[in-house]
């Protein structure tokens, strides 16, 4: 919002932040509902429970076997697991508890915090990557992919018939491994003489 003038008081900033968060949550109920489901999922994973998540798209297991070790995991529709080794509750200095898990970072084991927002982000980003990976495999069958930047793929089309690549690339970009009814894709192919 524009025109908000806040003083130096930390309390004033906290109140305004809470007010804005409240507005966001009120206007985006579906997102908040998904966060609550992710929080429930964390509790179930920590307790070693298994089940499905988001209309059966994801399989969740508190005892997913990876290299002979049981870990908490969310398995994407394409079989790729998001793993959370040693998922547990840990007491914070203020006495409340938070979920944490262990992971390797820069060659050493570290403890990472985990909450519903992080799970939501992990699931969303991993699903997006699964979709573009699927699309890339379809495109690469006919036209070798030369570059990938975030959610863009660059291919080389025959110089003599550059427009011939467009229909198959566009079809691949509109496809989704989960099916169009479950996860419609708004991606489209474009044709350019050069990249950049």
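The values are calculated or read from the model by the stated rules, or taken from the named source; none is laboratory data. Fair warning: this is a prediction, and the values are worked out from it, not measured in the lab. Cβ placement follows ideal geometry from the backbone for every residue including glycine, while neighbour counts extend to all protein chains displayed.
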Query raised in the report: If you scan segment 145-162, which residues turn out to be exposed (fewer than 10 other Cβ atoms within 10 Å of the Cβ) and either modelled with pLDDT of 80 or more or touching a helix residue (DSSP H, G or I) at 6+ places or on another chain (Cβ under 6 Å) (or both)?
Result: 149
Query - From the options 8, 65, residue that is modelled with pLDDT under 90 and either surrounded by fewer than 12 Cβ atoms within 10 Å (Cβ to Cβ) or closer than 27 Å to residue 134 by Cα (or both) - result: 8
Requested in this report: Report whether or not residue 55 is under 20 Å from the mean Cα position of the chain (by Cα), within 25 Å of residue 73 (Cβ to Cβ) and either loosely packed, with under 10 Cβ neighbours inside 10 Å or at pLDDT 85 or above (or both).
Outcome: yes
Query raised in the report: Which numbered condition trips up residue 40, out of (1) surrounded by fewer than 13 Cβ atoms within 10 Å (Cβ to Cβ); (2) closer than 19 Å to residue 112 by Cα; (3) touching a strand residue (DSSP E or B) at 6+ places or on another chain (Cβ under 7 Å)?
Result: (3)
Query raised in the report: Only one of these conditions is not met by residue 119: (1) farther than 24 Å from residue 176 by Cβ; (2) touching a helix residue (DSSP H, G or I) at 6+ places or on another chain (Cβ under 6 Å). Which number is it?
Result: (1)
Query - Condition met for residue 36 (touching a residue at least 24 places away in the same chain (Cβ under 8 Å) and in a loop (DSSP other than H, G, I, E, B)) - result: no
